[in-house]
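Structure record follows, encoded as structure tokens.
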Amino acid sequence: MEHQVFVPVPVERLGEALADPARVARAVPGLQQDAGAEPVAGRLKLRVGGHSVTYRGAVRVTPRENGTYAVEGDATEARGTGSVKLALTLSLTGTEDGTTVTVEGTADADGRVAELPADAVASAATRLLNRFVESLAETAETAEEQEQEHTSVFDTEVPPPSLDRDTDETTPDDRFTEDFADLGEPPAEAAHARRTMIGRSAEEVDHAPPRGRYAPVPAPQTVAGNPALRWAAPAAALALASAIVLGRALRKRRYDRS
């Protein structure tokens, strides 16, 4: 097997992505990782023509001293007895516009894949390699953009604060004094607030009702008479009148007897 893929990413960035197993696992298209297993391990469905074969296995990427990367992998069919073994070498060649990835090696397979046409198998393997390298390049570009944004935030020069004495000699107290210097005396609202707050605690000031022009106008109070009192007054007057009449009658009766 020999295949080349070009990606618009620098060699250094692509090499860093290949050295990170987690990023390699994310770049394998359709890989379903196993929990608690190696980073590049799990289930992968391979489509060959109108057929699909699911494999379960692992892949290991190891950097070499000469700058190449060794890719070794083995897998077995999830529903069958077939198996696949990979022994590939990835070479990265930098260009003006990006990196050319050269894939060389061998792949041995038996089982259902061996029964399918060789051209269809080669086309499926080439498509898988292209998508893997392109996805790996996307992760490298994303990491580079994040680093640039992170660096730009800390490299930005912070302007001096507006209250720095080197840039502004006027303190907040001086500016407050200058605001009322031309008036000669504080405004009426400020004078009233000062007179009302002197000698009072903070709790009394917070809960004191507003006074002056901002005091709320109390609602008119209507005093409703007690119904019992309305009936009690005429009854008392009637009793008093009866007592007067009765007293006069008694005095007249005593006068007649005498």
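The values are calculated or read from the model by the stated rules, or taken from the named source; none is laboratory data. Just so it is clear, the structure is predicted and the values come from calculations on it, not from any experiment. Here the Cβ is made from the backbone with ideal geometry for all residues, glycine too, and neighbour counts use every protein chain on show. To get the accessible areas, we keep the full protein, side chains included, count just its heavy atoms, and leave off ligands, DNA and RNA. Shrake-Rupley method; radii C 1.70, N 1.55, O 1.52, S 1.80 Å.
Which of the residues belonging to the range 35-46 are assigned to a strand (DSSP E or B) and crowded, with 18+ Cβ neighbours inside 10 Å?
Once the filter is applied, which keeps residues that are assigned to a strand (DSSP E or B) and crowded, with 18+ Cβ neighbours inside 10 Å, the range 35-46 yields A41, G42, L44, L46.
Filter the range 70-98 down to the residues that are open to solvent by less than 50 Å² (accessible area, probe 1.4 Å), under 42 Å from the mean Cα position of the chain (by Cα), touching a residue at least 40 places away in the same chain (Cβ under 8 Å) and closer than 17 Å to E2 by Cβ and list them by number.
L90, L92
Among the residues of the range 47-71, how many are touching a Pro at 6+ places or on another chain (Cβ under 8 Å) and on the phi > 0 side of the Ramachandran plot?
Number of matching residues: 1.
Quick one: in the range 99-122, of everything that is without any contact (Cβ under 8 Å) to a residue 40 or more places away in the chain and open to solvent by 60 Å² or more (accessible area, probe 1.4 Å), which residue is nearest to Y69 (Cα to Cα)?
Result: D108.
Working carefully through the options V61, V7, V40, V28, find the one that is closer than 20 Å to A122 by Cα and within 38 Å of the chain's Cα centre (by Cα).
V28
Assuming T54 fulfils every condition listed in (1) modelled with pLDDT under 90; (2) under 22 Å from P117 (Cβ atoms) apart from one, which condition is it?
Only one criterion in (1) modelled with pLDDT under 90; (2) under 22 Å from P117 (Cβ atoms) is unmet by T54, namely (1).
Starting from the range 10-34, take each residue that is without any contact (Cβ under 8 Å) to a residue 60 or more places away in the chain and open to solvent by 50 Å² or more (accessible area, probe 1.4 Å) and list its partners that are in a loop (DSSP other than H, G, I, E, B) and of a type in the set (A, V, I, L, M, F, W, C), counting only C-beta distances under 6 angstrom and pairs at least six apart or across chains.
Matching pairs, first to second residue: P21/V40.
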